[in-house]
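Single-structure report; data block below.
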Amino acid sequence: MTVTSPDTEVTADAQADRSNSILGTYKRAPMKFVRGEGVELIDENGKRYLDFASGIAVNSLGYGDAGIKSAITEALDTGLIHVSNLYRTEAGEELSLLLAGDAFAKVFFCNSGAEANEGAFKFARRWGRQVGSEAKTGIVALRGSFHGRLFASLAATDRPSYRAPFRPLAGGVSICERDIHALDAALDGETTAALILEPVQGEGGVRVLDKGFVGELRAMTKERGIALIFDEIQCGLGRLGSFFAYEQFDAKPDIVTLAKPIAGGLPMGAILVSAEIGDTIKPGDHGTTFGGGPLVARVALEVVRRIKDPALLAAVRQNGEWLGESLRGVARRTGKIRAIRGAGYMWGLDVVEKAGDVIERGWDAGLLVISAGDHTLRLLPPLIIAREQLTRGVNLLEKILS
């Protein structure tokens, strides 16, 4: 029997009923988290878990962050949680300037990564029709991609098991091999509005696209008048050791989509567009009730400012190199890792057994990692993690692999 208050007792059966009331779209781990501190989560029994998942790349500043708490309090003190996008607010305008910087012209705020990609497709098609013809609407994605679970973003996601139950998906979206010759044939400037790619494919196994390959695609799309969209929802905002992921590929896109860590765990996404594309978007072309509201935007201001700190980004780059070398050492010593891919604080490990079995042993050892495929572990620690905590995580990982 679990006692939740002096006056209320909840039986084990009632606890199970409560858990079963949530629609079963996830296989949830058995532990229930009640608190977070720094880079650790704490369950209802007081057990601590070192977090190498960050809520799937969301909690970049960890848990219990004083700056985020202060930003939430400050926003609540204004009394403005929501006013809709019919009116201006200070936080949203300030955040848009911080995100756009000198690289982009306009920002659209939404509530999630999938919404950001859906909106990016709409903007690309609006632009394509204006600069081309009614036929310039096609969206091309890459093999191994993951762009979301709504109808257009799912059509651009290379996961047959995710797609099959929900066909027919949105039309005019195709998936092409990660091959320059195949893409040369697929990218027709008369009928293609945009090419979307993840510089590092997260759900697809943490696959880092070759810098030269990305450069060729940038040149090809620019020459043919095709918008290049970088989906940086998981790999952007500091995770690779630069504010934008595209900075490491020497290929500035026309549109960037962001989400996951942007508002410290509150729901938010963003679409950054070039001046050329932004100038084609008119009032009424797209909308959102909650996107960029004053509460989430104020928290996002705090998070984005912190992530932009050159010292933080340098630490991610340096510790990321150390982490990669350490993981290669684990592979040599255990013989249980077939391949290692990644950069910064985003790594994928192909293991010889089922990834789910390793993840469950991690729960017992007090380490949280996630998967990126049946045999791939994904490591996404908070950006604030220190070398000492990384060392502890690597040691735990070696223990559960052995």
- Inspect the stretch 358-380 for any residue being modelled with pLDDT of 95 or more, farther than 15 Å from Ser54 by Cβ, part of a strand (DSSP E or B) and touching a strand residue (DSSP E or B) at 6+ places or on another chain (Cβ under 6 Å) and give the result as yes or no. yes
- Search result, residues across the stretch 351-395 that are surrounded by fewer than 19 Cβ atoms within 10 Å (Cβ to Cβ) and touching a His at 6+ places or on another chain (Cβ under 8 Å): Val352, Glu353, Lys354
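Residues are listed down the side, and each one gets a yes or a no for (1) surrounded by fewer than 18 Cβ atoms within 10 Å (Cβ to Cβ); (2) of a type outside the set (Lys, Arg); (3) in a helix (DSSP H, G or I):
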| site | (1), (2), (3) |
| --- | --- |
| Arg298 | no, no, yes |
| Leu301 | no, yes, yes |
| Arg305 | yes, no, yes |
| Ala314 | yes, yes, yes |
| Gly320 | no, yes, yes |
| Leu327 | no, yes, yes |
| Val330 | no, yes, yes |
- Message: Of all residues being touching a residue at least 12 places away in the same chain (Cβ under 8 Å) and under 24 Å from the mean Cα position of the chain (by Cα) in the stretch 68-94, which is farthest from Arg28 (Cα to Cα)? Just the residue, please.
- Response: Glu94
- Query: Can you name the residue in the stretch 41-67 that is of a type in the set (Asp, Glu) and assigned to a loop (DSSP other than H, G, I, E, B) and is also farthest from the chain's Cα centre (by Cα) among such residues?
  - Reply: Glu44
- Scan of the stretch 100-119 for residues that are buried (at least 21 other Cβ atoms within 10 Å of the Cβ) and assigned to a loop (DSSP other than H, G, I, E, B), ordered by number: Phe104
- Message: With the structure loaded, tell me whether Ala53 is at positive phi and not aromatic (Phe, Trp, Tyr) or whether it fails that test.
- Response: no
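Please verify whether Ile277 is closer than 18 Å to Ala194 by Cβ and not in a helix (DSSP H, G or I), treating the condition exactly as stated.
It is false that Ile277 is closer than 18 Å to Ala194 by Cβ and not in a helix (DSSP H, G or I).
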- Limited to the stretch 20-40, what total is found for residues that are surrounded by fewer than 13 Cβ atoms within 10 Å (Cβ to Cβ) and not in a loop (DSSP other than H, G, I, E, B)? 3
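Can you pull out every residue in the stretch 120-145 that is within 20 Å of Tyr162 (Cβ to Cβ) and either hydrophobic (A, V, I, L, M, F, W, C) or assigned to a helix (DSSP H, G or I) (or both)? Full working, then the answer.
Within the stretch 120-145, the first condition is being within 20 Å of Tyr162 (Cβ to Cβ), and the residues that meet it are 120-121, 139-145.
Of everything in the stretch 120-145, those that are within 20 Å of Tyr162 (Cβ to Cβ) and either hydrophobic (A, V, I, L, M, F, W, C) or assigned to a helix (DSSP H, G or I) (or both) turn out to be Ala120, Phe121, Ile139, Val140, Ala141, Leu142.
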- Taking the stretch 286-296 on its own, how many of its residues are over 20 Å from the mean Cα position of the chain (by Cα) and either part of a helix (DSSP H, G or I) or free of Cβ contacts under 8 Å to residues at least 12 places away in the same chain (or both)? 2
- Contact list, first residue from the stretch 309-328 and touching a residue at least 60 places away in the same chain (Cβ under 8 Å) and over 19 Å from Thr391 (Cβ atoms), second anywhere and hydroxyl-bearing (Ser, Thr, Tyr) and outside any helix (DSSP H, G or I), beta-carbon distance below 8 Å, six or more apart or interchain, is Leu313/Ser242
- Among the helices (runs of 4 or more DSSP H) lying completely within the stretch 157-256, list those that include at least 1 residues that are at pLDDT 95 or above and either in the same structural domain as Ile340 (by TED's automatic domain parsing) or in contact with a Phe, Trp or Tyr (Cβ under 7 Å, 6 or more places away or on another chain) (or both). 180-186, 211-224
- Note on the structure: Considering the stretch 133-150, residues that are out of contact with any strand residue (DSSP E or B) (no Cβ under 8 Å at 6 or more places or on another chain) and touching a residue at least 24 places away in the same chain (Cβ under 8 Å), and then whichever is surrounded by the most Cβ atoms within 10 Å (Cβ to Cβ), we arrive at Gly148
- Subset of the stretch 385-399 [in a helix (DSSP H, G or I) and out of contact with any helix residue (DSSP H, G or I) (no Cβ under 7 Å at 6 or more places or on another chain)]: Glu388, Gln389, Thr391, Arg392, Gly393, Asn395
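The values are calculated or read from the model by the stated rules, or taken from the named source; none is laboratory data. The model shown is predicted, which means the values in this text are computed figures rather than measured ones. FYI the Cβ positions are ideal-geometry reconstructions off the backbone, even for glycines, and counts take in every protein chain you see.
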